[in-house]
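Beneath this line is the structure, given in structure tokens, with notes to follow.
Bear in mind these aren't lab numbers, they're just calculated from the coordinates by the rules spelled out. Predicted, not measured: the structure shown is a model, and the values here were computed from it. Virtual Cβ from ideal backbone geometry, glycine too; neighbours counted across all protein chains shown.
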């Protein structure tokens, strides 16, 4: 079972920072899960929330700031908000990246998808990244831009036949489901459809043991040290 560090080693270090990814890498995880969105000047930054307050000393919506302005803020322990390019440069030899497309307004996904596809062409990554999102139209658009990119369908509280249908439509390689919704039936249906299944957020040995018992392909954890 593969272990992906959720926003890096976010259980102990500032989430989505180079420090958190470095510490996860030291643990020997199989991959990093991270979130991306666009700054005001269309730079891809690694950041989860719509606003800055929860994880930085800045205020307001991230999209209102340029990259240079965002770099002024402390994202925890002196860390700065990284760009995706910085992360790709540091970890082009691995581990694998699971990149979530974040949209805080549902209709503006095309600029981020376009920027991501363009950026990935600049880097020869040892392990092809997996791109995921709760915004299914964004994944449909992503597939229209690239036939070869790996896509995972993120979902919660969706009828599983709908999840499988969109996965088939966009030729996804995986489904990502929350720990409270995983079941032996879902795992079996995903495998029958030729899909890997990832589970989030798995933060205890008990949850990890359940996932192993069910035959889950990979888990995403804030505390990868606890479930290895």
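Here's the yes/no breakdown for (1) crowded, with 16+ Cβ neighbours inside 10 Å; (2) under 30 Å from residue 187 (Cβ atoms):
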{"position": "13", "(1), (2)": "yes, no"}
{"position": "21", "(1), (2)": "yes, yes"}
{"position": "25", "(1), (2)": "yes, yes"}
{"position": "29", "(1), (2)": "yes, yes"}
{"position": "42", "(1), (2)": "no, no"}
{"position": "53", "(1), (2)": "no, no"}
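Pairs only if they're at least six apart or on different chains, beta carbon under 6 angstrom, first in the stretch 25-40 and in contact (Cβ under 8 Å) with a residue 12 or more places away in the chain, second part of a strand (DSSP E or B) and surrounded by fewer than 17 Cβ atoms within 10 Å (Cβ to Cβ); list them, first residue then second.
Note: pairs meeting the criteria are 30/2.
Residue 90 versus (1) exposed (fewer than 14 other Cβ atoms within 10 Å of the Cβ); (2) free of Cβ contacts under 8 Å to residues at least 60 places away in the same chain: which is the lone unmet condition?
(2)
For residue 68, only one of the following conditions fails: (1) farther than 24 Å from residue 115 by Cβ; (2) not in a strand (DSSP E or B). What is its number?
(1)
Can you name every one of the strands (runs of 3 or more DSSP E) wholly within the stretch 131-228 that holds 3 or more residues which are under 20 Å from the mean Cα position of the chain (by Cα) and over 21 Å from residue 113 (Cβ atoms)?
Values: elements: 150-154, 174-178, 196-200, 218-221.
Qualifying strands (runs of 3 or more DSSP E): 196-200, 218-221.
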